[in-house]
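The values are calculated or read from the model by the stated rules, or taken from the named source; none is laboratory data. All values derive from a computational prediction rather than experimental measurement. Quick reminder, even Gly has a Cβ in these numbers, built from the backbone with ideal geometry, and neighbours come from all protein chains shown. When the accessible area is computed, the model is the full protein with side chains, heavy atoms only, and any ligands, DNA or RNA have been set aside. Shrake-Rupley method; radii C 1.70, N 1.55, O 1.52, S 1.80 Å.
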Amino acid sequence: MIRHLVPQIESQIVRLPSPVAVQLPAGQLLGPPGAPVKMSFSHWSSLTRLRAGQIGALAEEFVEGKLNIEGRMRDVMAVAASLLPANPVHIDAGWWTALQRQIRALRAHTPEKDAEQIQFHYDVSDDFYALWLDPRRVYSCAYYRENGMALAQAQEAKLDHICRKLMLRPGERFLDIGAGWGGLLLWAAEHYGVDATGITLSKNQHAHVQRVIEDKGLQGRVRIELRDYRHLDESRPFDKISSVGMFEHVGRANMTAYFSKIRRLLAPGGLVMNHGITSGGTDNDQLGAGMGDFIEKYIFPGGQLLHVSEVLTHMARSGLEMVDTENLRPHYARTLWDWSDALEARLGEAQQVLAATSGAEHGEKTLRAYRLYLAGSAMSFERGWLALHQMLASRPAGDTQNEAIEGAQSSYPFRRDYMYTPSTATGTLAD
């Protein structure tokens with residue numbers, strides 16, 4: 001088998017649009033010695049995965065130290081994309097696949113399971129995330145309103161973009177579901193004067209936001225709770241609600257219940273912003289070629305993606321009216337490349353931080369996984385395999401009389417100019 005495999009690999013890499021060198025377990029080098037990407041295999045069985053284009057399995061072998069990859073992450077991802085045997089969003093969408101997907105979602109998304117899965121990802125190490133996120137630690141798609149914006153500027157533009165879309169006003173009760181390290185929660189309170197409540201399942205994030213609230217003297221106006229969204233009190237509805245990078249963890253089986261909970265938490269006429277990753281295909285809930293399995297194992301256990309059309313269906317079933325949807329897909333590709341570049345520039349520090357947190361061996365595996373995850377995700381958004389949508393919805397009040405426009409039934413004015421004109425709120429950015 002090995003005798004036939006070597007010439008097949010040699011023929012395969014010659015046809016790739018990007019030069020790549022492959023070092024075999026015995027030491028023989030296939031491809032140009034000076035190629036920008038070099039893959040060194042220590043097991044012959046790994047070559048069968050290369051030949052089949054099983055990108056997820058190759059990524060796992062890299063994490064586990066069975067495969068070494070040298071080269072810039074952008075060049076590595078160009079090679080990975082060219083190795084794929086087919087479009088990774090085209091999958092079997094039959095009834096059996098759908099049934100298995102539903103059962104998996106039900107099992108994976110109990111309150112207890114969700115807490116474990118969130119902590120698996122977000123409690124890796126605050127110091128690790130601080131190495132490659134912006135100073136506010138905003139861990140979601142930025143908004144490059146101007147081409148020359150740096151990551152930190154684009155993240156602030158995103159925070160303000162969301163606040164404007166929600167039409168936040170001083171004194172309003174604002175809820176942020178999945179508040180992360182508090183970027184949006186604090187921005188809304190400091191720049192728009194809202195009474196802000198955030199929830200998270202990450203113990204590290206909860207502790208961090210508590211410290212920031214105290215340092216800024218925002219006690220009484222801002223609070224962060226370690227709480228599952230299902231356990232939120234519905235007796236005092238919120239005027240505005242945001243959910244940023246959160247609903248990807250909810251699971252397809254719970255999606256209508258999730259939006260129904262949000263509707264009950266939202267005052268009649270109020271607005272909710274759901275900002276999150278959506279699938280590029282209409283039927284897949286993860287990427288093919290093993291890439292989704294890799295992310296499930298090493299990065300986001302329990303994560304499931306829905307196409308934007310399906311998300312909007314769940315919203316409608318729950319009684320929410322979609323009033324505006326915006327696709328920020330290329331913005332997330334650029335965000336992820338900014339994160340990837342920042343991490344690649346500080347690999348030594350990242351290795352030390354992770355080793356101090358979880359030991360040298362586990363820390364090295366975590367670092368390798370994140371290197372592939374960030375760069376691979378950037379590539380996936382560039383190519384349209386993944387998307388990012390901001391979906392603004394209202395809870396119709398039932399009253400057709402409205403100062404802005406008759407029949408609106410909410411605070412939404414049913415025009416977009418307010419999102420892009422300078423805000424009158426103190427301290428907000430001006431377009």
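Things to note:
- Close amide H pairs (under 5 Å, H built 1.01 Å from N) link Leu388 with Thr278, Leu328, Arg329, residues at least 5 positions away or on another chain.
- Take each peptide in 188-198, 31-41, count the other Cβ atoms within 10 Å of every residue, and average; sorted highest first, the result is 188-198, 31-41.
- Entry comment: accessible area of the stretch 126-267 is 34 Å² per residue, from protein heavy atoms only and a probe of 1.4 Å.
- Each Lys or Arg adds one and each Asp or Glu takes one away; over the other residues whose Cβ falls under 14 Å from the Cβ of Lys38, this sums to -1.
- Residues whose amide H falls under 5 Å from that of Val37, counting only those 5 or more places apart or on a different chain, are Ala21, with hydrogens built in the peptide plane.
- Solvent-accessible area, 1.4 Å probe, carbon plus sulfur percent, for the stretch 8-59: 53
- Normalised Debye scattering of the stretch 213-299 at q = 0.12, 0.15, 0.18 Å⁻¹ gives log10 I(q)/I(0) of -0.53, -0.76, -0.96, counting only Cα atoms as equal scatterers and leaving out solvent.
- J(HN,Hα) series, the stretch 323-332, from Karplus relation 6.51 cos²θ - 1.76 cosθ + 1.60, nearest Hz, glycine and proline x: 10, 6, 9, 10, 8, 10, 3, x, 5, 6
- Binning the C-alpha pair distances of the stretch 304-389 at 5 Å intervals from 0 yields a P(r) profile of 3, 13, 17, 15, 13, 12, 11, 7, 6, 3, 0 %, listed from the shortest bin outward.
- Contact order normalised by residue count of the stretch 239-360, Cα under 8 Å, 6+ apart, percent: 27
- Full extension of the chain between Glu64 and Glu10 yields a length gain of 17.0 nm, computed as 0.36 nm times the residue separation minus the alpha carbon distance.
- Span from the the stretch 51-77 Cα centroid across to the the stretch 206-250 one, whole angstrom: 38
- Peptide ranges 233-243, 161-171 listed from the most packed, as the mean C-beta count within 10 angstrom indicates: 161-171, 233-243
- Shown in residue order for the stretch 68-77 are the 3J(HN,Hα) couplings computed by the Karplus curve 6.51 cos²θ - 1.76 cosθ + 1.60 at θ = phi - 60°: 10, 10, 10, x, 5, 4, 5, 5, 4, 5 Hz (x for Gly and Pro).
- Sites Leu29 and Lys203 - FRET efficiency at Förster radius 56 Å, r taken between beta-carbons, to 0.05: 0.75
- Rg/Rh ratio calculated on Cα atoms of the stretch 161-267 (Kirkwood radius): 0.94
- Spatially, the stretch 329-387 and the stretch 16-36 are offset by 24 Å when compared through their Cα centroids.
- For Arg416, Arg211, the ranking by accessible surface with the largest value first comes to Arg211, Arg416, using a 1.4 Å probe.
- Apportionment of accessible area to carbon and sulfur, the stretch 209-349, percent (1.4 Å): 48
- Descending semi-axes in whole angstrom, ellipsoid equivalent of the stretch 125-211, from the Cα gyration tensor: 20, 19, 9
- Members of Lys38/Lys158; Lys240/Lys297; Lys66/Lys297; Lys261/Lys297; Lys203/Lys297; Lys216/Lys261 lying beyond 26 Å, as alpha-carbon distances in this model show: Lys38/Lys158; Lys240/Lys297; Lys261/Lys297; Lys216/Lys261
- Modelled label positions at Arg230 and Glu344, each set 7 Å beyond Cα in the direction of Cβ, lie 4.1 nm from each other.
- Working note: Karplus 6.51/-1.76/1.60 with θ = phi - 60° gives the stretch 42-47 the couplings 9, 10, 4, 5, 5, 5 Hz, where Gly and Pro are set to x.
- Tensor-based shape of the stretch 24-74 (alpha-carbon gyration tensor, a/c under 1.5 rounded, otherwise prolate or oblate): oblate
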